[in-house]
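Structure first, then comments.
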Amino acid sequence: TYKIFFNQLGPEPVKEITHHTGEWTLIFIILTLAMTPFKKITKLNVWISLRRMLGLFVFFYATIHMLTYVVIDYRLDLQSISKDIFTKRFIFVGFAAWLLLTPLALTSSKKAMMLLKDKWKKIHRLIYIIAILGVVHFIWLVKKDLTEPLIYMAIILILLLFRFKFKKV
């Protein structure tokens with residue numbers, strides 16, 4: 001955001017904003033997924049209390065990322081956007097991830113948790129699929145150097161392995 005205020009977005013500001021918001025979406029997904037391992041390692045519940053806020057940051061940055069594409073880049077040209085969704089696999093996967101993320105944000109309150117009971121957990125397990133889709137979106141977007149998206153993928157896979165290895169049966 002400092003780049004916006006100090007006019008440091010470079011010659012392609014839309015591309016810069018899109019990349020920046022996508023990157024922060026992945027960072028917040030990783031932080032959200034890291035809360036349970038941090039709790040298990042440190043035996044401190046404070047990590048879990050941060051998870052909802054971090055998850056909402058995921059939705060915030062993913063929504064800004066998507067709106068940058070839809071509103072700024074494509075100026076709400078629904079025909080072109082629809083064409084992209086169905087012809088460019090990285091956009092299809094990114095859009096699918098955002099759609100799956102929406103119910104998580106809408107059901108993030110304690111009230112929703114109480115109303116949905118066991119269904120709430122099932123809905124919020126979508127974060128694992130969303131995390132993978134987010135990285136696949138990035139991998140399919142990148143044309144040459146896959147180092148950065150593969151680092152994100154490795155971190156997410158480690159967190160998912162940790163999560164499932166220590167899951168109570």
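If a residue has to be loosely packed, with under 14 Cβ neighbours inside 10 Å and touching a helix residue (DSSP H, G or I) at 6+ places or on another chain (Cβ under 7 Å) to count, how many in region 87-96 make the cut?
1
Among the residues of region 7-46, write down those that are buried (at least 16 other Cβ atoms within 10 Å of the Cβ) and either among the charged types (D, E, K, R) or touching a Lys or Arg at 6+ places or on another chain (Cβ under 8 Å) (or both).
Glu16, His20, Thr32, Leu33, Met35, Thr36, Pro37, Lys39
If we keep just the residues of region 118-151 that are part of a helix (DSSP H, G or I) and of a type in the set (Lys, Arg), which is farthest from the chain's Cα centre (by Cα)? Even if it seems obvious, please write down each step before you answer.
Pass one, region 118-151, residues part of a helix (DSSP H, G or I): 118-124, 126-141, 147-151.
Subsequent filtering for residues that are of a type in the set (Lys, Arg) retains 119, 121-122.
Details: Lys119: 21, Lys121: 18, Lys122: 18 Å.
The selected residue is Lys119.
Among the numbered criteria (1) at positive phi; (2) touching a helix residue (DSSP H, G or I) at 6+ places or on another chain (Cβ under 8 Å), which single criterion is violated by Lys43?
(2)
Tell me yes or no: at least one residue of region 80-94 is assigned to a helix (DSSP H, G or I) and in contact with an Asp or Glu (Cβ under 9 Å, 6 or more places away or on another chain). First the steps, then the outcome.
Within region 80-94, the subset assigned to a helix (DSSP H, G or I) is 80-87, 89-94.
Restricting the remaining residues to those that are in contact with an Asp or Glu (Cβ under 9 Å, 6 or more places away or on another chain) gives 91-92.
Looking through region 80-94, at least one residue is assigned to a helix (DSSP H, G or I) and in contact with an Asp or Glu (Cβ under 9 Å, 6 or more places away or on another chain).
For Arg75, all conditions in the list (1) exposed (fewer than 15 other Cβ atoms within 10 Å of the Cβ); (2) in contact with a Phe, Trp or Tyr (Cβ under 6 Å, 6 or more places away or on another chain); (3) basic (Lys, Arg) hold save one; what is the number of the exception?
Condition not satisfied by Arg75: (2).
Tell me, which residue of region 97-117 that is in contact with a helix residue (DSSP H, G or I) (Cβ under 9 Å, 6 or more places away or on another chain) and more than 18 Å from Arg51 (Cα to Cα) is modelled with the lowest pLDDT?
Looking at the filtered set, the residue picked out is Leu116.
Looking at (1) surrounded by 12 or more Cβ atoms within 10 Å (Cβ to Cβ); (2) out of contact with any Phe, Trp or Tyr (no Cβ under 6 Å at 6 or more places or on another chain); (3) under 26 Å from Ile85 (Cα atoms); (4) without any contact (Cβ under 8 Å) to a residue 24 or more places away in the chain, find the lone condition where Pro149 falls short.
Of the numbered conditions (1) surrounded by 12 or more Cβ atoms within 10 Å (Cβ to Cβ); (2) out of contact with any Phe, Trp or Tyr (no Cβ under 6 Å at 6 or more places or on another chain); (3) under 26 Å from Ile85 (Cα atoms); (4) without any contact (Cβ under 8 Å) to a residue 24 or more places away in the chain, the odd one out for Pro149 is (2).
Within region 103-139, which residues are loosely packed, with under 14 Cβ neighbours inside 10 Å and among the hydroxyl-bearing types (Ser, Thr, Tyr)?
Result: Ser109, single match.
Just checking, which of Leu115, Leu157 is out of contact with any strand residue (DSSP E or B) (no Cβ under 6 Å at 6 or more places or on another chain), closer than 19 Å to Leu26 by Cβ, of a type in the set (A, V, I, L, M, F, W, C) and in a helix (DSSP H, G or I)?
The match here is Leu157.
Is it fair to say Ile64 is surrounded by 14 or more Cβ atoms within 10 Å (Cβ to Cβ), touching a helix residue (DSSP H, G or I) at 6+ places or on another chain (Cβ under 7 Å) and either within 30 Å of Lys165 (Cα to Cα) or in contact (Cβ under 8 Å) with a residue 24 or more places away in the chain (or both)?
yes
The values are calculated or read from the model by the stated rules, or taken from the named source; none is laboratory data. Since the model is a prediction, treat every value here as computed from it, not as a measurement. Using ideal geometry, Cβ is built from the backbone for each residue, glycine included, and neighbour counts are taken over all protein chains shown.
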